[in-house]
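The values are calculated or read from the model by the stated rules, or taken from the named source; none is laboratory data. Remember, it's a predicted structure, so these values are computed and weren't measured experimentally. Note: ideal-geometry Cβ built from the backbone for every residue, glycine included; neighbour counts use all protein chains shown. Note: areas computed on protein heavy atoms with side chains; ligands, DNA, RNA excluded. Shrake-Rupley method; radii C 1.70, N 1.55, O 1.52, S 1.80 Å.
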Amino acid sequence: DQQVKQNSPSLSVQEGRISILNCDYTNSMFDYFLWYKKYPAEGPTFLISISSIKDKNEDGRFTVFLNKSAKHLSLHIVPSQPGDSAVYFCAASNAGGTSYGKLTFGQGTILTVHP
Amino acid sequence: EAGVAQSPRYKIIEKRQSVAFWCNPISGHATLYWYQQILGQGPKLLIQFQNNGVVDDSQLPKDRFSAERLKGVDSTLKIQPAKLEDSAVYLCASSYRLAGGYNEQFFGPGTRLTVL
């Protein structure tokens, strides 16, 4: 049962353009969402998060949007840079419940930004 | 601040052999996690410790996997005996907060295990 899904295995964009990575979830108990970035041979690094009480969170070039009714979130990177090329994982948590903050990850999307 | 340390970085074993992985979390982090990441998939939580107690091991295959976190700091994950399907990257993560709440986790570089 895949509770967090990233349906696009890969995305290719031109430097300077916008990258939009999408994530869908099925568990309505999730109330905290995170994006992680992963380079080859390294562990995932935290990028940005959003609580379910918000619909948008912005940090520099990165913005996460949350649509609770659609159970959908997206990560926007503007402008995209070649150094953003990595695997991006969406993760969700029932932070306010009894799951001890357990993260459920999507399958990941490989982003390639071309110079 | 030093990050999460893991060793070894790579390990190749034959099926039915045993293997152990070590993790040293960020100093002061109360919660420690072990994840399994199979190629093409996202990390899957195997076990979660708060200090030296287990809070979630529901997805740990307990017939072959075991983990401990002595003294609430370092942790080891063991597989005995290994199967071909255990080939994956094993990630260790830690977080400052106690289990629960808004929980940003910091990951180590992982151990890539290949079972032949």
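When B:GLN105, B:GLN80 are screened for being more than 7 Å from chain A (Cβ to nearest Cβ) and in contact (Cβ under 8 Å) with a residue 12 or more places away in the chain, only B:GLN80 passes. Just one of the listed residues (B:GLY40, B:GLY28) is in contact with a Gly (Cβ under 9 Å, 6 or more places away or on another chain) and either in a loop (DSSP other than H, G, I, E, B) or at pLDDT below 95 (or both), and it is B:GLY40. One residue stands out among those in the stretch A:12-34 that are more than 13 Å from the chain's Cα centre (by Cα) and in a strand (DSSP E or B): the one that is farthest from the other protein chains (Cβ to nearest Cβ), which is A:GLN14. Just one of (1) among the hydroxyl-bearing types (Ser, Thr, Tyr); (2) open to solvent by 20 Å² or more (accessible area, probe 1.4 Å); (3) in a strand (DSSP E or B) fails for B:TYR33. It is (2).
Counting the residues of the stretch A:7-61 that are more than 20 Å from A:VAL87 (Cα to Cα), open to solvent by 30 Å² or more (accessible area, probe 1.4 Å) and of a type in the set (Ser, Thr, Tyr) gives 2.
Any residue that is more than 30 Å from B:LEU32 (Cβ to Cβ), away from chain B (no Cβ under 12 Å) and in contact with a Gly (Cβ under 6 Å, 6 or more places away or on another chain) - is there at least one of those in the stretch A:79-93? Yes: one or more hits. For the stretch B:43-55, a tally of residues being within 7 Å of chain A (Cβ to nearest Cβ) and in contact with a Pro (Cβ under 9 Å, 6 or more places away or on another chain) returns 1. With respect to (1) free of Cβ contacts under 8 Å to residues at least 60 places away in the same chain; (2) within 11 Å of chain A (Cβ to nearest Cβ), the lone exception for B:TYR90 is condition (1). Can you confirm whether the stretch A:97-106 contains a residue that is away from chain B (no Cβ under 14 Å) and closer than 30 Å to B:PRO8 by Cα? Checking the stretch A:97-106: not a single residue is away from chain B (no Cβ under 14 Å) and closer than 30 Å to B:PRO8 by Cα. Tell me whether the stretch B:49-66 contains one or more residues that are within 30 Å of A:PRO9 (Cβ to Cβ), open to solvent by 70 Å² or more (accessible area, probe 1.4 Å) and at pLDDT 95 or above. Taking every residue of the stretch B:49-66 in turn, none turns out to be within 30 Å of A:PRO9 (Cβ to Cβ), open to solvent by 70 Å² or more (accessible area, probe 1.4 Å) and at pLDDT 95 or above.
Within the stretch A:1-21, residues that are touching a residue at least 60 places away in the same chain (Cβ under 8 Å) reach partners that are assigned to a strand (DSSP E or B) and surrounded by fewer than 13 Cβ atoms within 10 Å (Cβ to Cβ) with beta carbons closer than 9 Å, at six or more positions or on different chains, in the pairs A:SER12/A:HIS114; A:VAL13/A:HIS114; A:GLN14/A:HIS114; A:GLU15/A:HIS114.
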